[in-house]
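The values are calculated or read from the model by the stated rules, or taken from the named source; none is laboratory data. Here the structure is a predicted model, which is why all the values come from computation and not from measurement. So basically every Cβ, Gly included, is an ideal-geometry build from the backbone, and we count neighbours across all protein chains shown.
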């Protein structure tokens, strides 16, 4: 039986059917995240059982786990149903994973897509960024999203967003939460959520990342690439004093 999670330690769950790959990931992560508790799983049911017992902060799992539905998004959805705040990094092989499957994972707000051929340094950087910021999209993920946007008929920038929506959008791109944006703009969280949903609809995107990419392509803002860890920022409540 899996021991209880150490109460004071953040936890990372590694899931892969191949022991050599799973243990290799555990070895790499144990060196980079010595203060974190590490646990492992080999099948989809084990992932859900371990996640329920340990409530990990990050799950790094292969896209094709044994005893899982054909759609890797089903395991992601089940994990989020158990632990809504858990960050999930899905490891994929681009040679065997259809692009539509990868896009579906991105639409489900997967925290990161990690290529199975990624070097140890990239693995650690991705997990570190996900722990700090909730997501980290690499060049592969960004290219998928941008190729999807290329095939859409995009509205003209002047017709897209109101001045207030542009204010909200730029704060979203700076990685501020709805609560922080509402405080800075002296409005309600519900109003910020409404602006966000309206912008998603106008841009024809399903995720916040897709919205920011759309705005960048239209020249509506200047923001750091979503694949890079976001720099430390001032709390919103201090911005008005700057």
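I'd like the residue in the stretch 80-105 that is touching a strand residue (DSSP E or B) at 6+ places or on another chain (Cβ under 7 Å) and farther than 19 Å from residue 22 by Cα and, out of all such residues, is surrounded by the fewest Cβ atoms within 10 Å (Cβ to Cβ).
86
Could you tell me which of the residues 56, 45 is closer than 15 Å to residue 15 by Cβ, outside any strand (DSSP E or B) and touching a strand residue (DSSP E or B) at 6+ places or on another chain (Cβ under 8 Å)?
56
Return only the number of the condition from (1) part of a helix (DSSP H, G or I); (2) touching a strand residue (DSSP E or B) at 6+ places or on another chain (Cβ under 9 Å) that residue 209 does not satisfy.
Here residue 209 meets the rest and fails (2).
Residue 8 fails exactly one of the following numbered conditions: (1) modelled with pLDDT of 95 or more; (2) part of a loop (DSSP other than H, G, I, E, B). What is the number of that condition?
(1)
Among the residues of the stretch 124-143 satisfying the criterion of being outside any helix (DSSP H, G or I) and either at pLDDT 90 or above or in contact with a helix residue (DSSP H, G or I) (Cβ under 9 Å, 6 or more places away or on another chain) (or both), which is surrounded by the most Cβ atoms within 10 Å (Cβ to Cβ)?
Looking at residues that are outside any helix (DSSP H, G or I) and either at pLDDT 90 or above or in contact with a helix residue (DSSP H, G or I) (Cβ under 9 Å, 6 or more places away or on another chain) (or both), I get 136.
Is it the case that the stretch 28-48 has a residue that's surrounded by fewer than 13 Cβ atoms within 10 Å (Cβ to Cβ) and farther than 21 Å from residue 128 by Cα?
Checked the stretch 28-48: no residue is surrounded by fewer than 13 Cβ atoms within 10 Å (Cβ to Cβ) and farther than 21 Å from residue 128 by Cα.
Here's the yes/no breakdown for (1) at pLDDT 80 or above; (2) on the phi > 0 side of the Ramachandran plot; (3) touching a helix residue (DSSP H, G or I) at 6+ places or on another chain (Cβ under 9 Å):
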| residue | (1), (2), (3) |
| --- | --- |
| 156 | no, no, no |
| 163 | yes, no, no |
| 168 | yes, no, yes |
| 189 | yes, no, yes |
| 208 | yes, no, yes |
| 225 | no, no, yes |
| 231 | no, no, no |
| 234 | no, no, no |
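Is it fair to say residue 116 is modelled with pLDDT of 90 or more, more than 15 Å from the chain's Cα centre (by Cα) and not assigned by TED's automatic domain parsing to the domain that holds residue 197?
yes
Here is a check on your reading of the model: is residue 65 farther than 23 Å from residue 141 by Cβ, surrounded by 13 or more Cβ atoms within 10 Å (Cβ to Cβ) and over 15 Å from the mean Cα position of the chain (by Cα)?
Taking the combined requirement at face value, the residue does not satisfy it.
With the requirement that a residue be in a helix (DSSP H, G or I) and either surrounded by 16 or more Cβ atoms within 10 Å (Cβ to Cβ) or at pLDDT 80 or above (or both), what does the stretch 212-223 give you?
212, 213, 214, 215, 216
Which members of the stretch 95-120 meet the condition of being in a helix (DSSP H, G or I) and in contact with a helix residue (DSSP H, G or I) (Cβ under 9 Å, 6 or more places away or on another chain)?
99, 101, 102, 103, 104, 105, 106, 107, 120 - these are the residues of the stretch 95-120 that are in a helix (DSSP H, G or I) and in contact with a helix residue (DSSP H, G or I) (Cβ under 9 Å, 6 or more places away or on another chain).
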